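The values are calculated or read from the model by the stated rules, or taken from the named source; none is laboratory data. All of these numbers come straight from a predicted model, not from anything done at the bench. Virtual Cβ from ideal backbone geometry, glycine too; neighbours counted across all protein chains shown. These accessible areas exclude ligands, DNA and RNA; they are computed on the full protein's heavy atoms, side chains included. Shrake-Rupley method; radii C 1.70, N 1.55, O 1.52, S 1.80 Å.
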Amino acid sequence: MPETPVFSTAAVAAPHNLASETGQTILAAGGNAIEAMVAMAATVAVVYPHMNGIGGDGFWLVREPKGRIHALDASGPAGSLATIKSYREKGYDAIPPRGPDAALTVAGAVSGWGLALELSRALGGQLPLDLLLGDAISHARDGYPVSRSEERFVTGEEAALYEVPGFAEAFLVEGKRAPEGTLRRTPRLADTLERLSHAGLADFYRGDVGREIALDLERIGSPITRKDLETYRARVVEPLSVRLKSSTIYNLPPPSQGLATLLILGMVERLKDLRGETPERHHALIEAAKRAFSLRDRVVADPRNLAHDPASFLTPQALEKEAALIDMKRAAAFPLPRPIEGDTIWMGAIDRDGLAVSYIQSVFWAYGSGCLLPATGVLWHNRGTAFSLDPASRNRLEPGHRPLHSLNPAMAVFDDGRVLSFGAMGGETQPQFLSQIFSRYAEAGMGLADAVEAPRWLLDAKPREREAVLKVESHFDPGLIRGLSRLGHRIEEVDEAYSGRFGHAGMLVRHPRNGRVEAMHDPRSDGGALGL
């Protein structure tokens with residue numbers, strides 16, 4: 001069902017209504033956008049476990065009211081015992097997506113919360129950690145209703161997920177997905193969050209919580225060691241950006257695939273006569289996505305394995321060269337050698353002072369590795385599945401290195417003073433969704449709500465086929481479908497409107513003239529936007 005956008009002095013947007021309520025509460029208590037986001041991140045980690053958790057990763061973009069952009073990388077590296085040789089000796093040709101061997105990278109999200117709060121304090125934030133984590137602790141201890149998305153979400157290797165020791169007892173009802181509305185309590189996770197609220201977030205890595213996590217990881221056979229946890233810290237990094245004709249777009253550098261999102265938007269702007277909701281505009285976005293993904297797969301990896309400066313692909317000359325290779329009269333072939341998978345949450349916040357946040361948090365595939373650590377109640381992610389076991393790959397598995405990362409929150413600053421925080425879930429498809437919602441808002445003239453609600457497409461691969469198919473939502477304009485088909489796109493209509501497989505997206509924009517914040521989150525999710 002379509003949602004109504006929020007217009008207020010400050011606002012938040014999240015894919016679960018309980019997370020939105022938490023953010024609104026923190027803003028009402030005098031918290032800034034970063035504090036609201038940490039509180040929201042904790043709540044959504046509890047109530048949306050198929051999409052994210054404190055056993056996963058996160059990335060931040062923060063814009064100060066005076067214009068400075070901060071980028072925080074809270075992605076975790078492979079454990080010290082995670083080597084190509086060790087996986088080959090176990091008989092693997094690829095890293096398995098479920099079980100202890102999939103739980104091979106440190107979870108960085110909580111360290112990212114801590115780094116963000118350091119920035120918050122430098123900007124005047126004063127709210128205590130126990131207040132920020134209070135809602136999450138209550139939901140974990142007292143119980144929360146299982147969401148519609150969790151009941152219905154389809155993920156890969158589901159049978160293997162259910163067989164991971166401890167998973168079924170925690171998340172299934174009579175061997176099946178818990179029905180929507182089922183009350184679920186997670187007391188061990190509540191205890192862990194309460195401990196962190198008093199001891200500090202670093203305890204997750206270097207304190208009592210970290211010790212218990214390390215012991216449980218060792219017991220199940222994960223290649224992550226206690227030292228890997230103790231030495232981990234989220235990082236401040238330099239954001240990537242691309243200049244468009246009336247705005248500058250920001251995203252995260254590698255190992256994030258933020259480069260792909262910026263490439264798509266940069267290429268499309270250099271193509272001529274693209275106006276409104278036309279087959280030509282969507283064709284341009286699709287073809288730019290194909291070129292962007294090809295570049296991403298050659299370029300993006302752990303920063304220590306880069307052969308090229310990612311920013312060099314975002315210069316006007318480089319973008320002109322790539323855009324010139326797009327055939328505006330015919331769809332190019334596009335093999336997709338890897339499965340599109342990735343289940344994530346994106347959230348945004350802008351406070352009354354104009355501090356803006358774009359944040360994304362994930363356990364990668366739905367429920368991550370499936371490994372629920374019994375002492376702490378932490379569900380560990382499977383981000384390391386994105387590594388390659390080919391020693392010649394730029395994205396090869398190496399201890400201490402990070403894999404290519406699908407997470408990429410975005411932010412735009414317009415020449416007229418508007419600040420836009422936007423993002424989406426969707427694994428490798430995130431750049432496709434981000435380019436569609438941004439293009440509709442900034443270039444096609446749609447309002448914020450319409451840009452988020454409008455039907456989407458995604459490049460996907462049919463089983464046993466190498467060539468991509470363009471999947472479109474059921475309420476996609478038939479005229480657009482006919483036009484794209486004439487241009488050579490293989491189209492498959494999905495018999496569902498507002499389908500979760502087309503991402504949970506959100507946008508917030510602050511208007512400079514009156515300081516009002518307009519916010520919208522996706523009707524495809526279980527959340528929405530709230531303001532003051």
Take Arg275 and decide whether it is of a type in the set (D, E, K, R), over 23 Å from the mean Cα position of the chain (by Cα), under 22 Å from Phe422 (Cβ atoms) and at pLDDT 95 or above.
-> no
Within the set of pairs 6+ apart or on separate chains, which have a first residue in segment 168-192 that is in a helix (DSSP H, G or I), a second that is open to solvent by 30 Å² or more (accessible area, probe 1.4 Å) and not hydroxyl-bearing (Ser, Thr, Tyr), and C-beta atoms under 7 Å apart?
-> Ala168/Gly175; Ala170/Leu372; Pro187/Arg141; Ala190/Arg141
For Met347, which of the numbered conditions (1) buried (at least 24 other Cβ atoms within 10 Å of the Cβ); (2) at positive phi fails to hold?
-> (2)
Among the residues of segment 479-496 satisfying the criterion of being in a loop (DSSP other than H, G, I, E, B) and in contact with a strand residue (DSSP E or B) (Cβ under 6 Å, 6 or more places away or on another chain), which is most open to solvent (accessible area, probe 1.4 Å)?
-> Arg490
Consider Ala449 against the criteria (1) open to solvent by 10 Å² or more (accessible area, probe 1.4 Å); (2) within 15 Å of Glu277 (Cα to Cα): it satisfies all of them except one. Which criterion is unmet?
-> (2)
Among the residues of segment 126-161 satisfying the criterion of being touching a Ser or Thr at 6+ places or on another chain (Cβ under 8 Å) and outside any helix (DSSP H, G or I), which is surrounded by the fewest Cβ atoms within 10 Å (Cβ to Cβ)?
-> Pro145
Segment 497-511, subset open to solvent by 10 Å² or more (accessible area, probe 1.4 Å), assigned to a loop (DSSP other than H, G, I, E, B) and modelled with pLDDT under 95, residue nearest to Ser149 (Cα to Cα) = Tyr498
Which numbered condition His475 misses (of (1) in contact (Cβ under 8 Å) with a residue 60 or more places away in the chain; (2) of a type outside the set (Phe, Trp, Tyr); (3) open to solvent by 30 Å² or more (accessible area, probe 1.4 Å)) = (1)
Identity of the residue in segment 215-243, aliphatic (A, V, I, L, M) and open to solvent by 10 Å² or more (accessible area, probe 1.4 Å), that ends up farthest from Tyr87 (Cα to Cα) | Leu240
With Ala301, Ala331, Ala289, Ala318 as the choices, which residue is over 27 Å from Pro523 (Cβ atoms) and either out of contact with any Lys or Arg (no Cβ under 9 Å at 6 or more places or on another chain) or in a strand (DSSP E or B) (or both)?
-> Ala318
